[in-house]
Each structure stands twice: as structure tokens, then as C-alpha cells.
Ligand code: ZN
Ligand code: MN
């Protein structure tokens with residue numbers, strides 16, 4: 001039964017917390033991080049006789065995601081009770097959708113580990129409620145029911161993945177889609193996005209293997225590690241002539257291994273039954289139209305557009321579209337820069353900005369802006385798009401050097417003042433007053449006759465030396481590009497004067 005070529009077959013079940021103000025079936029707040037049990041009521045605590053009412057925002061989110069991914073949206077979908085006994089479930093059952101989910105089918109594209117795009121078919125998307133959170137402290141277990149009744153969308157894929165890396169890449173893409181659509185905050189650390197997977201190995205003769213389920217993967221990295229671990233475990237079993245037993249496993253990220261939570265004998269039988277307290281969820285044409293009107297450009301499409309429209313390198317397009325807010329910010333900055341270009345002053349020095357504004361903006365956002373956000377723990381850029389564009393313009397027209405602009409950006413983040421104001425306050429304005437610059441150029445040339453002579457003899461590299469001298473003389477405020485231009489001018493004139501001046505001595509020698 002050695003099956004070294006058995007192909008992994010992986011399907012994912014993803015739970016996404018819907019961004020709503022109130023819970024799925026009651027009016028309690030969804031601020032789960034507040035004091036434990038601050039947000040509970042008879043409905044989400046499962047008191048007898050309390051009646052659930054579906055939060056319309058949850059249905060809207062389900063329809064939006066379904067429309068974005070091309071699912072079939074069912075005009076009527078039903079709720080069911082999924083029974084099990086555990087302290088995190090005060091009613092003794094979870095309200096979920098079973099036989100009649102709100103969405104079935106649909107596809108989502110993602111870039112696989114081979115670098116090409118794959119389409120993954122979805123099984124279904126359904127609405128359900130979350131369970132409470134249990135905290136285990138030594139011998140005691142504490143229950144926080146803030147999370148009980150939090151609305152979730154469960155997205156189930158077909159078992160279409162053949163590698164752990166692809167499954168993780170899909171998860172990352174789905175996270176982007178959910179965040180772009182404003183459905184979920186996408187935080188795996190905070191538990192707003194969770195992933196379970198089922199794994200089996202299809203044998204070389206095509207016969208399917210026994211599936212196991214793996215749970216508790218709390219990061220994209222954990223998804224990949226856990227799946228690879230389970231694939232290796234199943235391979236080893238087959239290789240040793242043993243069978244894979246149906247089981248549910250819990251991934252332990254610290255240990256880097258999974259533990260068997262329950263085997264087949266104890267596999268849960270949830271005794272699903274229709275939920276008698278909730279009418280079917282009804283999706284109208286208005287729901288569909290509203291969803292269609294609010295579907296954003298999906299992240300992968302936007303990434304492709306960034307490559308083509310702005311001619312950005314692949315890495316830039318990927319980094320800039322990782323978050324919708326950053327992609328929006330980038331396009332805002334480019335829009336401001338492009339507008340600035342049309343009324344640009346003639347004769348301004350040639351800069352990168354004028355030839356490739358998109359890449360110029362991308363460099364600054366990927367570098368300074370994102371780094372600043374990371375370091376300060378911000379979720380949005382520290383300066384407005386229009387302000388960053390103004391600063392980039394200042395670099396472009398030689399008002400400030402690129403390196404000094406980093407200091408200006410840091411100061412802008414604190415004051416939100418205009419970059420020009422800060423440039424002046426910090427004394428970073430490059431000297432572009434030609435009369436002053438010309439005087440300094442003359443001083444430098446007069447002070448270095450030997451270097452001038454060498455320059456005329458063909459050592460053109462000395463221009464850099466002269467620029468350095470002008471910079472020094474100006475205390476760093478000279479615009480080096482402008483200085484270079486004036487130096488060249490002066491050197492050609494200076495050269496003529498020099499030739500005249502040296503001619504008498506030349507005569508004297510003859
Ligand atoms: Zn409640
Ligand atoms: Mn579920």
C-alpha cells in the first residue's frame with residue numbers, strides 16, 4: 001500500500017466574522033473585546049422562550065459575498081439547529097444553515113504557488129452564529145459569552161486544492177476579498193477569520209483516501225504548516241501499510257504538530273433539525289441590486305490593473321493591493337501627482353516623478369509610508385494622499401532632496417502642515433536661487449584652479465567634486481542638480497576666461 005505518489009486532496013471551511021454592530025439574532029453589541037459577558041441577553045444566553053430575529057446586515061453580507069464570487073443566491077434559505085453539548089453553547093445547539101444555505105456554488109480566483117491563476121469552486125456560503133469563548137485557567141474554565149451569537153459567514157470550498165501552499169494562498173486571497181468587500185476585518189490573530197480543512201490522499205489508482213479534519217489553524221502560516229504535517233502523517237501511515245483513520249485533529253502551532261481530538265467512534269452526530277423560531281431568510285431583487293452596486297473591484301483584478309495601467313513591477317502591485325485602503329491611497333496620490341504635472345512649471349529639472357509618477361509614488365508608499373505605519377502601529381497612512389503628493393512634487397521640482405523629504409514626511413505626520421511650510425521650518429529648502437548659487441559656483445572654481453585645469457584636460461568626473469564643494473559652501477542647501485547645471489555653464493565660460501588669461505603667459509614662454 002506504499003503510495004508515494006498519492007495526491008493530496010484538500011478542502012477548506014472558512015469562518016468569517018461579519019462586521020456588524022449587533023449580534024446575529026439579538027441586539028447585543030459585537031464588541032467582543034469588552035469586559036467578559038458585558039454583551040449578553042436572554043437570546044444569546046439561550047434562555048427559554050427568548051426568540052431570535054435575524055440581523056438584516058448578516059443577510060446583506062452573505063448576498064454581497066455570494067454576488068462577488070458568482071454564487072447562486074437562493075431567494076429563500078432556512079436555518080437549522082446543530083446540536084451538541086458544551087459550555088460554550090448555552091442553548092445546547094448552534095443556529096446555522098444546513099440543507100438550504102443562502103448561497104451555493106461560485107468561484108474564486110487566486111494565484112497559486114506555481115505563480116499562475118487558479119479558479120476554485122465553492123460548495124456554499126451560509127450564515128451562522130459563533131459560540132462563546134472559553135478560557136482555561138489551571139483547573140478552572142471561564143466562559144465569556146460576548147462571542148456567543150456573533151454573526152459568521154461560513155465559506156466551504158470544493159476539495160480542489162492539491163497542496164498546502166495553494167490552500168494557504170487561497171486563504172490569503174479570500175481574506176483580501178472579505179476585507180475589500182467590508183464584510184470582515186480579516187484578522188486571524190483576533191479570530192475574526194478562521195480556517196478548518198479536510199485532507200485526504202487520493203491514491204494513484206484514483207481511489208479516494210480517508211479524510212481527516214484539521215482545526216485550530218490561527219494564521220496563514222499555520223494553515224500551510226498544519227496541512228503539510230497532516231499530509232506527511234497520512235503518507236507515512238500508507239507507506240507503513242496502515243490505514244488512515246477518520247479523525248478530527250487540533251493543530252498546536254507551538255508544538256508544530258496536531259493532536260487527535262476525536263476519532264470516528266466518537267464523531268459528532270449533530271442531530272440537525274429545522275430552527276422553528278426563525279422564518280426562512282428571504283432575498284429580494286432589491287437585496288441583489290444593492291449588493292451588485294456595492295461590489296468593489298476585487299483585489300486580484302485590481303492587482304492586474306495596477307500592473308497594466310501603472311506599469312508597476314509585480315511586487316509593487318501585490319504590496320499596494322494587499323489592503324484596499326492602501327490601494328485607494330496609492331491611486332489618490334497618483335491622481336494628485338498627475339494633476340500636478342499638467343500645471344508644472346516649465347524648465348523644472350527632469351525628475352523621476354515626471355517620467356514615472358506611479359513608480360515614484362509606489363516607492364514612497366511601499367517604503368516610508370508603510371514602514372511608518374508599521375512602526376507606529378497605524379492602520380492608515382500618517383499623512384493624507386494630497387499631502388504626500390505635495391511632498392513628492394517638492395522632491396520632483398527640486399525644492400527638497402529625497403533624503404531630507406523623509407524628515408519632512410515624519411514632521412508632516414505629526415502636524416499635518418503643508419510640506420513647504422515644514423521644509424522652511426526645518427531649513428531644508430534646496431537653494432535654487434541662481435544668483436546665490438552662481439556666486440558660490442564662482443567661489444568654488446576660483447578656490448580650485450588645479451582641479452579646473454584637470455577638468456579642462458578631460459577629467460570630467462571632477463564635476464562631482466565641484467558639486468560637493470558647492471554643497472559644502474551652501475551648508476547643504478544647494479540643489480545638487482541645479483548646481484551641476486550652473487557648474488557646467490560656469491566651467492565653459494571660466495574655461496574661455498582661463499584660456500585668455502593664460503595666453504599672455506604662454507606668449508611669455510615662447
Ligand atoms: Zn444577546
Ligand atoms: Mn460552522
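The values are calculated or read from the model by the stated rules, or taken from the named source; none is laboratory data. A quick note: this is a predicted structure, and the numbers were derived from the prediction, not measured. Reconstructed Cβ throughout: ideal geometry from the backbone, glycine too, with neighbour counts over all protein chains shown.
Exactly one residue out of 118, 126 is crowded, with 20+ Cβ neighbours inside 10 Å, in the same structural domain as residue 158 (by TED's automatic domain parsing), at pLDDT 95 or above and away from ligand 1 (no atom under 16 Å from the Cβ), and it is 126. Somewhere in region 135-158, is a residue closer than 21 Å to residue 67 by Cα and modelled with pLDDT under 95? There is no residue in region 135-158 that is closer than 21 Å to residue 67 by Cα and modelled with pLDDT under 95. Considering each residue of region 153-163 in turn, none proves to be in the same structural domain as residue 180 (by TED's automatic domain parsing), closer than 26 Å to residue 21 by Cβ, more than 25 Å from the chain's Cα centre (by Cα) and away from ligand 1 (no atom under 16 Å from the Cβ).
Is it true that some residue in region 170-177 is outside the structural domain of residue 321 (by TED's automatic domain parsing) and on the phi > 0 side of the Ramachandran plot? No, because not a single residue in region 170-177 is outside the structural domain of residue 321 (by TED's automatic domain parsing) and on the phi > 0 side of the Ramachandran plot.
With respect to the stated conditions, residue 60 fails to be in the same structural domain as residue 148 (by TED's automatic domain parsing), part of a loop (DSSP other than H, G, I, E, B), out of contact with any strand residue (DSSP E or B) (no Cβ under 6 Å at 6 or more places or on another chain) and away from ligand 1 (no atom under 16 Å from the Cβ). For residue 6, the conditions (1) at pLDDT below 95; (2) within 16 Å of ligand 1 (Cβ to nearest atom); (3) touching a strand residue (DSSP E or B) at 6+ places or on another chain (Cβ under 7 Å) all hold with the exception of (2). Here the condition is being part of a strand (DSSP E or B) and either surrounded by fewer than 19 Cβ atoms within 10 Å (Cβ to Cβ) or within 16 Å of ligand 2 (Cβ to nearest atom) (or both); of 201, 134, it holds for 134 alone. Given the options 286, 308, 230, name the one that is in the same structural domain as residue 25 (by TED's automatic domain parsing) and free of Cβ contacts under 8 Å to residues at least 60 places away in the same chain. Just one listed residue meets the conditions, 230.
Filtered by the rule that a residue be at pLDDT below 90 and assigned to a helix (DSSP H, G or I), region 457-483 gives 470, 471, 472, 473, 480, 481, 482, 483. Residues that are farther than 30 Å from residue 211 by Cβ and outside any helix (DSSP H, G or I) occur at least once in region 283-293.
Among the residues of region 84-100, those identified as touching a strand residue (DSSP E or B) at 6+ places or on another chain (Cβ under 8 Å), more than 16 Å from ligand 1 (Cβ to nearest atom) and part of a loop (DSSP other than H, G, I, E, B) are 84, 87, 92, 97, 98, 99, 100. What do you reckon, is residue 10 more than 16 Å from ligand 2 (Cβ to nearest atom) and assigned to a strand (DSSP E or B)? Yes; evaluated as a whole, the condition is true for this residue. Evaluate region 40-63: report whether one residue or more is modelled with pLDDT under 95, surrounded by fewer than 16 Cβ atoms within 10 Å (Cβ to Cβ) and within 16 Å of ligand 2 (Cβ to nearest atom). The answer is no, given that none of the residues of region 40-63 is modelled with pLDDT under 95, surrounded by fewer than 16 Cβ atoms within 10 Å (Cβ to Cβ) and within 16 Å of ligand 2 (Cβ to nearest atom).
Within region 383-400, the residues that satisfy the criterion of being within 24 Å of the chain's Cα centre (by Cα) and either within 20 Å of residue 477 (Cβ to Cβ) or part of a helix (DSSP H, G or I) (or both) are 385, 386, 387, 388, 389, 392. Quick one: in region 64-83, which of the residues that are assigned to a strand (DSSP E or B) and surrounded by 15 or more Cβ atoms within 10 Å (Cβ to Cβ) is nearest to ligand 2 (Cβ to nearest atom)? If we take residues in region 64-83 being assigned to a strand (DSSP E or B) and surrounded by 15 or more Cβ atoms within 10 Å (Cβ to Cβ), then 82 is nearest to ligand 2 (Cβ to nearest atom). In a residue-by-residue description of region 263-271, the property of being over 30 Å from residue 379 (Cβ atoms), in the same structural domain as residue 102 (by TED's automatic domain parsing) and either surrounded by 16 or more Cβ atoms within 10 Å (Cβ to Cβ) or modelled with pLDDT of 95 or more (or both) applies to no position.
Annotation note: of 32, 7, the sole residue that is out of contact with any helix residue (DSSP H, G or I) (no Cβ under 8 Å at 6 or more places or on another chain) and either within 27 Å of residue 269 (Cα to Cα) or surrounded by fewer than 20 Cβ atoms within 10 Å (Cβ to Cβ) (or both) is 7. Here 315, 300, 307 are screened, and the one residue that is in contact with a strand residue (DSSP E or B) (Cβ under 6 Å, 6 or more places away or on another chain) and either in a helix (DSSP H, G or I) or surrounded by 13 or more Cβ atoms within 10 Å (Cβ to Cβ) (or both) is 300. Out of all the residues in region 16-29, which are in a loop (DSSP other than H, G, I, E, B) and near ligand 1 (Cβ under 10 Å from one of its atoms)? Passing the criteria: 23, 24, 25, 26, 27, 28.
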